[in-house]
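Heads up, the thing below is written out as structure tokens.
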Amino acid sequence: MEPILLCITFIAGFCLLVIIYLRMSEYFEIRHILGYIPGPKAYPFVGLSWKIKKIPLEDQFKWFNDLCFSFKNGMVVTWLGTKPTVNIRKPRQLQVILENSSFTTKPGNDKILTPWLGNGVFTSIDKIWFDRRRFVKSAYLELYSTIMIEKLEILKECISKELELNKTQTINIFNLVYKYSLDTICEIAFGINLDLQRNEENEYVETLHRIGKQILSNIKIMHNFTEKIIIQKQVDREQNKLLVTEEFNILETCRNTSLLDKLLDVCENTKTPFTLQEIREELDTFIFAGHTTITSAISWAFFMIGNNQNVQIKLQEELKEIFTTDNEPITIQKLEKLQYMDRVIKEVLRLYPSISSFDRLVDSNVVIDNYFIPKGIAVRLHIYQLHHDPEVWEDPETFNPDRFLPENNAQRHPYAYVPFSAGPRNCIGQKFAILEIKIALTVILRKWHIASLLKPSEIKIISNFILKPFDKKIELYLRPINKSESN
């Protein structure tokens, strides 16, 4: 037996050495090829990992941006362990990636979300992504302004209650907007009124709060909750009658239908309808991506308006012109006339894009700025850096909505401003998002004058899927516009 064991051990050891040799050869070959691209010193097999671990979490985002900006050409290769990433920020560089219809694959750093979101449009690739995107996009055709307005009225109630407790103190608008956006997105997705702004004691929401820390242990609760709603909705549609349960309070109104209804409508008109799992994946994706990015965008909008009183005055003057009375209802037609607000929102998303960067896997060899990038390398497109680049934007840290006047837009590179990405894999919910931000600003600024406790230079930012304050706090002072309300 000993000779046989020795032989097996030798063969296994030899095979292991061959695998290690091939991996090391591939690693050093990639290091050589990418070595021509500018970048910080990266030690073999370690890269920048040792340095990043020494930097406090709240300082890492700024540190990395400063590092990239120290390389003026806008292209920087970085290594984490044995994994390289080519970072780009110039419009011409992003254009190469975003215009290529074959560069739509994500390199796998979203795998942490896959057990929850499955093959939804955010995490899927290739044909699965293409088919899902086509179906889901058709479900976005109707906007949900009525639900948004009703939920914002509840947000006003919540703000008023906090102000009643102490009118001289600030309130954390980030936390309130988070509850509002989740409350809104759940009703739009499911057709369910969870009333999250008034009541946080909900199994789905409590699990959602925990999922960032303990993903796998909470996935089943999330999936069961969503699938139960889908099944009930399918039964309801079959029976063609209103189904109400004490647990879910499913809504059926003529004003809107939920995203779930629209997905089921699409399924009924196609030869290959979604399965229960596929519908669940799209709903979970919509809720996850929707409520996080909207929270970020609306919160930063209030923050920057609260830091720029001249902009706030112009906004409120425009609102008075369009809405002639305090109680005049908000309509899509009225919102379309708020052109200055449009520019303000664009400037907020320039300075604080909800998604600060995203990755693409190059599925074929590509050349950017005369630098060769081989197939299989991850390219990270830095939207935050692009929007803050002084070679792209004059005085980039100044909040100036008039950058987006038509005559200024005409002079700008088409890929200088991409808060919702661009090309084949751009955000399919961008019209939805802009509408919700616009309604939120309209509702709040018609009632309160806001001022920020901190300046932009005083707040620490992290990018953990979305761009947000490190401590999840945006503290604002709110003063009623109607003087009678302040007494």
Item to complete: Only one of these is of a type in the set (A, V, I, L, M), modelled with pLDDT under 95 and surrounded by 21 or more Cβ atoms within 10 Å (Cβ to Cβ): V362, V348. Name it.
Response: V362
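Would region 284-299 turn up any residue that is assigned to a loop (DSSP other than H, G, I, E, B) and either farther than 21 Å from Y477 by Cβ or at pLDDT 95 or above (or both)?
Checked against the condition, which is being assigned to a loop (DSSP other than H, G, I, E, B) and either farther than 21 Å from Y477 by Cβ or at pLDDT 95 or above (or both), region 284-299 yields no hits at all.
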Discussion item. It is to be established whether one or more residues within region 314-329 are in contact with a Pro (Cβ under 7 Å, 6 or more places away or on another chain), farther than 15 Å from I434 by Cβ, surrounded by 12 or more Cβ atoms within 10 Å (Cβ to Cβ) and of a type outside the set (D, E, K, R).
Written reply: no
Discussion item. I need the full set of residues from region 331-368 which are under 19 Å from S299 (Cα atoms) and of a type in the set (A, V, I, L, M), in order please.
Written reply: M341, V344, I345, V348, L349, L351, I355
Worksheet item: If you take the residues in region 317-369 that are among the polar types (S, T, N, Q) and under 30 Å from D395 (Cβ atoms), which one is farthest from the chain's Cα centre (by Cα)?
Response: Q339
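Could you count how many residues in region 21-44 are over 29 Å from I461 (Cα atoms) and not hydroxyl-bearing (S, T, Y)? Write out each step before concluding.
Here is the first cut: in region 21-44, the residues over 29 Å from I461 (Cα atoms) are 21-36, 44.
Narrowing the set further to residues that are not hydroxyl-bearing (S, T, Y) leaves 22-24, 26, 28-35, 44.
Total meeting the criteria: 13.
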Worksheet item: Are any residues in region 29-56 surrounded by 11 or more Cβ atoms within 10 Å (Cβ to Cβ) and of a type in the set (A, V, I, L, M, F, W, C), and if so, which ones?
Response: I30, I33, L34, I37, A42, F45, V46, L48, I52, I55
Worksheet item: Can you name the residue in region 179-207 that is at pLDDT 85 or above and part of a loop (DSSP other than H, G, I, E, B) and, of all such residues, is farthest from H291 (Cα to Cα)?
Response: R198
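The values are calculated or read from the model by the stated rules, or taken from the named source; none is laboratory data. Computed from a prediction, not measured in an experiment: that's the story for all the values here. Cβ: placed from backbone, ideal geometry, glycine included. Neighbour counts: every protein chain shown.
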